[in-house]
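Participant: Here it is: the structure, laid out below.
The values are calculated or read from the model by the stated rules, or taken from the named source; none is laboratory data. Since the structure is predicted, the reported quantities are computational estimates derived from the model, not experimental observations. When we count neighbours, we look across all protein chains shown, and the Cβ atoms used for this are built from the backbone with ideal geometry, even at glycine. Note: accessible area is taken over every heavy atom of the protein model, side chains too, but ligands, DNA and RNA are not part of it. Shrake-Rupley method; radii C 1.70, N 1.55, O 1.52, S 1.80 Å.
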Amino acid sequence: MRTVIERALLFIILLRLLSGSIEITAAALMFKFNDLEKAFYINTLLALVGPVILIVTTALALIGLADRISLTRIICLFCGIFLILFSLKAD
């Protein structure tokens, strides 16, 4: 029996694999350079990748679930994402 994967789910899986690959590559580069300043710079770039992947994968999931989820839940979800991103910037 063949399982069919929804297109949105496939894109989410691929984005998460890409994100994980970027993280592993960044760790390897930090190890290769063996320099705290360069590691800090690489880590700063990673801080940009994480939220972008979060937003894109959530948007893809919502597009796939749009006909099965209520507007109230979608609004709550976006509020939660906003709070996560806001808390990253809060001092």
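Participant: When segment 54-83 is examined, which residues are found to be β-branched (Val, Ile, Thr) and either exposed (fewer than 11 other Cβ atoms within 10 Å of the Cβ) or under 19 Å from Phe11 (Cα atoms) (or both)?
Facilitator: Selection gives Ile55, Val56, Thr57, Thr58, Ile63, Thr72, Ile75.
Participant: Test Gly64 against the criterion of being part of a helix (DSSP H, G or I), farther than 23 Å from Ser87 by Cβ and either small (Gly, Ala, Ser) or over 10 Å from the mean Cα position of the chain (by Cα) (or both), and give yes or no.
Facilitator: yes
Participant: List every residue pair whose Cβ atoms lie under 8 Å apart, where the two residues are 6 or more positions apart in sequence or sit on different chains, the first residue falls within segment 15-41 and is among the basic types (Lys, Arg), and the second residue, located anywhere, is assigned to a helix (DSSP H, G or I) and open to solvent by 60 Å² or more (accessible area, probe 1.4 Å).
Facilitator: Lys38/Leu29
Participant: Just wondering, is there one or more residues in segment 30-48 that are among the small types (Gly, Ala, Ser), surrounded by 13 or more Cβ atoms within 10 Å (Cβ to Cβ) and within 20 Å of the chain's Cα centre (by Cα)?
Facilitator: no
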